[in-house]
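The values are calculated or read from the model by the stated rules, or taken from the named source; none is laboratory data. These figures come from a predicted structure and were not determined experimentally. Neighbour counts run over all protein chains shown; Cβ positions are idealised from the backbone, glycine included.
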Amino acid sequence: MAKRTNTKKKVSASRKRSSVQKSQANLGLKILTKWALIDKTVLLPALLIIAAGLWVFWPALRGDWLWDDDILITNNTELRSWSGFGHIWLATPATEYWPLSWTALWIEWHLWGNHPLGYHLVSLVLHLGSSFLIWRLFARLGLRGGWIGGLLFVIHPLVVESVAWISEIKNTLSLPLFLLSFDAWLDGESKQKNTGYLRSIFYYLAAMLTKTSTVMLPLVLLLYGWWKRGEITRQETRRVIPYGIIALGLGLLTIYCQSNSVTAGTIKMDGYFERLLGAAMAVCFYLGKFLWPMELLPIYPGWNFDPPSLIQVLPIPLLIALTIGLWTQRKSWGRHVLFGFGFFALNLLPVLGLMKMNYLSISLVADHLAYLPMIGLLGLVVAGVEQAEQRFIGNFRPVGEVVLASVLMLLAWKSHHYAEKFINQETLWTYELSRNPRAYLAHNNLGVVFMQRGQVPEAIEQYQQTLQLKPDYAEAYNNLGNALRRVGRVPEAIKSFQQALQIRPGFAEANYNWGNVLLGADRKEEAIEQYEQALRLKPDLAEAHNNLGIALARTGQIPEAIEHFQQALQFNPNYTDAQNNLEHVQLLLKASSAKK
């Protein structure tokens, strides 16, 4: 009996092993089948998108800090501490309330510190992530060649500025959240009605907390409903109400912040007709740059509407005629074009200059403002490619494929070379001035580069050119004052700081620099007044605390000096000069006490 039992056990174990081996073989076959399917339909296009993104932005990955990266990141004390993190979310914003963008930068500062490579990699990864979400969205909307849209988004020259400029993480982070919200809305229409809808609201709130240019999603969702069914239902209208509440609340907060920021006074809002002209011209400008992305610039020349020319007026009737023409064809192909062009126009609406916006003090248009809207045009391109593919039969199809591949390679080549301009400040602003010599901000920023190199005469020349182009630019007066101080032209330096403060009375840095000139001239009491004024305007200015401490120490006010050195270290724990000054005056205080 024991032998028979053992034999049965062996047979049973053998059958189990055989069953396991068969299931493992079937599982392996399924995995290989899925891998082959992925390799054919997903993997190769995905690898192509990633490779294209890496090649296009390889020059920018080696890039340095640009433009206002110093203000927003490298010199931003709020990114250094937990108290700064709390201030990001809870304090009244001085510019815009975009706490998720600042939180991302806060985290990155603690990961990468003052090294730009990590920030560039994050921006590129987010950009690639958006391209895959665009691919997915286009596929769900019925476009078989959705991956072409994702690839186009990665390599189009209009996106270079948003990805290569670290501070524009506002764009690269808000866009995937916007797309995830749209994607979850589609889930809410199908199998995951409640969870998809709630996820969509959550992602939209996150996108708005990252950058409020995503505000138009509720209208985009209604446009999608009209495109799909030919009407907007009451249920859809009710479902977008939470989105509307978020849009209204954070949108009004952004308008308030823009109206009360330090640069608000420099924004000149023209009359309603001029603003309408500017908005129509901007729509045509972005459409033109999308179709023919040549002569891209970080700062485009301004437009003068006094008086408006015929070319400036023409975009209004053209856009009206285009919309009417598409509407007449809404029962057929016009509906699809209205959806794509409507997506483009709706998402451009917040940045067309119809309301006050800080960037408008520099230029009425910018590449980074088209980062989100251009997705609508990408969808139309993909739909057009699919229509062409159906028409190109026989020998014509390879010709079409060669044309498409050539266009994609040309776009990638153009973007790669444009990304090279973003490698450092000097390269970027020299490129700008070679094509737009009246860009006052480029002259000012190039002057900063010369100052950092110790080329003070060249810096003075750039600042003076800046002020010739824009006499009310307080920042240039402040920079010119610093340069004049470096060459010993003290009276002229003081006059420059006074002019800066006359233009912008709350300019704490100008008071601080004026104090530096006075301290260097051994006018200690006057220097103390300027430092104290700077700290009234900007209490967390660590440099002002440090130099005020120096001035107080020189006048024998050692305890007060110690207090300000400590405050400088509180705002900037890595401030070596403040630490050395603190230790020095503490030794002096001990020596003085010992003598007594």
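Picking from Phe285, Phe305, Phe339, which residue would you name as being aromatic (Phe, Trp, Tyr), in contact (Cβ under 8 Å) with a residue 24 or more places away in the chain and not in a helix (DSSP H, G or I)?
The unique qualifying residue is Phe305.
Buried (at least 18 other Cβ atoms within 10 Å of the Cβ), hydrophobic (A, V, I, L, M, F, W, C), farther than 25 Å from Lys356 by Cβ and assigned by TED's automatic domain parsing to the domain that holds Met409, is that true of Ile107? Walk me through how you get there before you give the answer.
Values: buried (at least 18 other Cβ atoms within 10 Å of the Cβ): no; hydrophobic (A, V, I, L, M, F, W, C): yes; farther than 25 Å from Lys356 by Cβ: yes; assigned by TED's automatic domain parsing to the domain that holds Met409: yes.
No, not satisfied.
Kindly indicate which of Leu354, Leu360 is touching a helix residue (DSSP H, G or I) at 6+ places or on another chain (Cβ under 8 Å) and of a type outside the set (S, T, N, Q).
Leu354
Can you work out which of the residues in the range 440-496 that are touching a residue at least 60 places away in the same chain (Cβ under 8 Å) and either in a helix (DSSP H, G or I) or in the same structural domain as Tyr359 (by TED's automatic domain parsing) (or both) is farthest from Gly302 (Cα to Cα)?
Asn445
In the range 182-216, which residues are polar (S, T, N, Q) and farther than 19 Å from Leu348 by Cβ?
Going residue by residue through the range 182-216, those that are polar (S, T, N, Q) are 190, 192, 194-195, 200, 210, 212-214.
Ser190, Gln192, Asn194, Thr195, Ser200 - these are the residues of the range 182-216 that are polar (S, T, N, Q) and farther than 19 Å from Leu348 by Cβ.
I'd like the full set of residues that are within 23 Å of Ser213 (Cα to Cα) and among the small types (Gly, Ala, Ser), limited to the range 92-132.
Residues satisfying the conditions are Ala94, Ser101, Ala104, Ser123, Gly129, Ser130, Ser131.
Which count do you get for residues in the range 92-136 that are of a type in the set (D, E, K, R) and under 21 Å from Phe153 (Cβ atoms)?
Residues of the range 92-136 of a type in the set (D, E, K, R): 96, 108, 136.
Add one more test, that the residue is under 21 Å from Phe153 (Cβ atoms), and what stays is 136.
The total comes to 1.
Might you let me know whether the range 560-568 holds any residue that is of a type in the set (Gly, Ala, Ser), under 26 Å from Trp109 (Cβ atoms) and without any contact (Cβ under 8 Å) to a residue 40 or more places away in the chain?
yes
Go through the range 78-117 and give me each residue that's at pLDDT 85 or above and outside any helix (DSSP H, G or I).
Those that are at pLDDT 85 or above and outside any helix (DSSP H, G or I): Tyr97, Trp98, Gly113, Asn114, His115.
Return the only residue of Phe202, Phe178 being buried (at least 24 other Cβ atoms within 10 Å of the Cβ), assigned to a helix (DSSP H, G or I) and either over 14 Å from the mean Cα position of the chain (by Cα) or of a type in the set (Phe, Trp, Tyr) (or both).
Values: Phe202 fails: buried (at least 24 other Cβ atoms within 10 Å of the Cβ).
Among Phe202, Phe178, only Phe178 is buried (at least 24 other Cβ atoms within 10 Å of the Cβ), assigned to a helix (DSSP H, G or I) and either over 14 Å from the mean Cα position of the chain (by Cα) or of a type in the set (Phe, Trp, Tyr) (or both).
Matching residues to (1) assigned to a helix (DSSP H, G or I); (2) crowded, with 24+ Cβ neighbours inside 10 Å:
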site: Ala139; (1), (2): yes, no
site: Leu143; (1), (2): no, no
site: Thr172; (1), (2): yes, yes
site: Leu186; (1), (2): yes, no
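Return the residues of the range 61-86 that are buried (at least 18 other Cβ atoms within 10 Å of the Cβ) and free of Cβ contacts under 8 Å to residues at least 24 places away in the same chain; say none if nothing qualifies.
Within the range 61-86, Gly84, Phe85 meet the criteria.
What is the one condition in (1) surrounded by 22 or more Cβ atoms within 10 Å (Cβ to Cβ); (2) at pLDDT below 95; (3) within 18 Å of Leu380 (Cβ to Cβ) that Phe153 does not satisfy?
(2)
Return the pairs, sorted by first residue and then second, in which the second residue is of a type in the set (S, T, N, Q), the first residue lies in the range 520-534 and is over 15 Å from Gly506 (Cα atoms), the beta carbons are less than 7 Å apart, and the residues are 6+ apart or on different chains.
Here the result reads Lys524/Thr555, each pair linking the range 520-534 to a residue that is of a type in the set (S, T, N, Q).
So, of the residues in the range 209-239 that are over 29 Å from the mean Cα position of the chain (by Cα) and among the small types (Gly, Ala, Ser), which turns out to be surrounded by the most Cβ atoms within 10 Å (Cβ to Cβ)?
In this case the residue turns out to be Gly225.
Please state which one of Trp135, Trp89, Trp58 is crowded, with 20+ Cβ neighbours inside 10 Å and either in contact (Cβ under 8 Å) with a residue 12 or more places away in the chain or under 25 Å from Thr212 (Cβ atoms) (or both). Steps first, answer last, please.
Details: Trp89 fails: crowded, with 20+ Cβ neighbours inside 10 Å; Trp58 fails: crowded, with 20+ Cβ neighbours inside 10 Å.
Just a single option satisfies the conditions, and that option is Trp135.
Do you know which residues across the range 324-333 are of a type outside the set (A, V, I, L, M) and surrounded by 15 or more Cβ atoms within 10 Å (Cβ to Cβ)?
Start the filter on the range 324-333 by keeping residues that are of a type outside the set (A, V, I, L, M), which leaves 325, 327-333.
If the condition is that a residue be of a type outside the set (A, V, I, L, M) and surrounded by 15 or more Cβ atoms within 10 Å (Cβ to Cβ), then Arg330 is the only one that fits.
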